[in-house]
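The values are calculated or read from the model by the stated rules, or taken from the named source; none is laboratory data. Everything numeric in this text was worked out from a predicted model, so none of it was measured. Quick reminder, even Gly has a Cβ in these numbers, built from the backbone with ideal geometry, and neighbours come from all protein chains shown.
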Amino acid sequence: MARLAGRREFVTEQGYAAIRMEPPHPDAVNPDAIPSALPPLPPPPAFAPPRPTQSPQSYDIAPMALYTALEPTPLAPGQLTPAWRTLFVAGWLGVMLGFGAVWQSGRASGISPWWLGPATDQRLFVVIALPFVAPTLAVIAATAKLRITCYVGIVAAIATAAIAAIDHPRFPGMAAVEFALAAAGLLISVGAFAGRMREPD
């Protein structure tokens, strides 16, 4: 066993006791010493992110969980293109806003159309809502992508003109605004025929 570093007592020439530290042997192993280098730790396990649930509207194109949405369903013949459908809905919403303006101006000026009635004795809510029913049906038809959307718009324009015709004898100025709203809805509905999908050749 190799000798470790230690102390050794000896007596000097003057007769005094002394202690001398001896260096350790080069081959000595100290069991209490901490090794200078520890063995390397094993690498941590590779982390794999959870794979997302595949949507029924997508398909897997790679093992790395990459997904691409399916193409939209093609339009059927008779349906409006997205641009024309947006224009159709916006136009009939404008007609509804126009009737709201007629309502507000009638209350402010004291002129009450037949469907609104005077402020002191206004009509039932069902009657007041009549001018808004036809434009609402036109908007619903366009939103539902019905093939008869343009025809629904034409019928809604005729119904709007009928409401204006009842107001014409008493309040021709207000009836003119209502006729203009009906004409705008009719133009939008007729023009939307240009945006209908055609039968394939």
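In region 105-122, what residues are over 27 Å from residue 152 (Cα atoms), surrounded by fewer than 17 Cβ atoms within 10 Å (Cβ to Cβ) and not β-branched (Val, Ile, Thr)?
Across region 105-122, the qualifying residues are 105, 107, 108, 109, 110, 117, 118, 119, 121, 122.
Against the conditions (1) outside any helix (DSSP H, G or I); (2) aliphatic (A, V, I, L, M); (3) in contact with a strand residue (DSSP E or B) (Cβ under 9 Å, 6 or more places away or on another chain), residue 116 satisfies every one except (3).
Residue-wise test of (1) hydrophobic (A, V, I, L, M, F, W, C); (2) over 19 Å from residue 101 (Cα atoms).
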| site | (1), (2) |
| --- | --- |
| 172 | no, no |
| 175 | yes, no |
| 184 | yes, no |
| 194 | yes, yes |
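Report yes if some residue within region 79-96 is part of a loop (DSSP other than H, G, I, E, B) and modelled with pLDDT under 70; otherwise report no. The answer is no; no qualifying residue exists. I'd like to check something: does region 130-144 contain any residue that is exposed (fewer than 13 other Cβ atoms within 10 Å of the Cβ), assigned to a loop (DSSP other than H, G, I, E, B) and in contact (Cβ under 8 Å) with a residue 12 or more places away in the chain? The answer is no, given that none of the residues of region 130-144 is exposed (fewer than 13 other Cβ atoms within 10 Å of the Cβ), assigned to a loop (DSSP other than H, G, I, E, B) and in contact (Cβ under 8 Å) with a residue 12 or more places away in the chain.
Screening 127, 95 for residues that are loosely packed, with under 15 Cβ neighbours inside 10 Å and closer than 19 Å to residue 164 by Cβ leaves exactly one candidate, 127.
Contact map, region 115-128: first residue at positive phi and free of Cβ contacts under 8 Å to residues at least 12 places away in the same chain, second residue part of a loop (DSSP other than H, G, I, E, B) and of a type outside the set (Ser, Thr, Tyr), Cβ cut-off under 7 Å, separation 6 or more or different chains; pairs are 117/123.
Within region 148-165, can you find the residues that are in contact (Cβ under 8 Å) with a residue 40 or more places away in the chain and either of a type in the set (Asp, Glu) or surrounded by 15 or more Cβ atoms within 10 Å (Cβ to Cβ) (or both)?
149, 150, 153, 156, 160, 163, listed by residue number.
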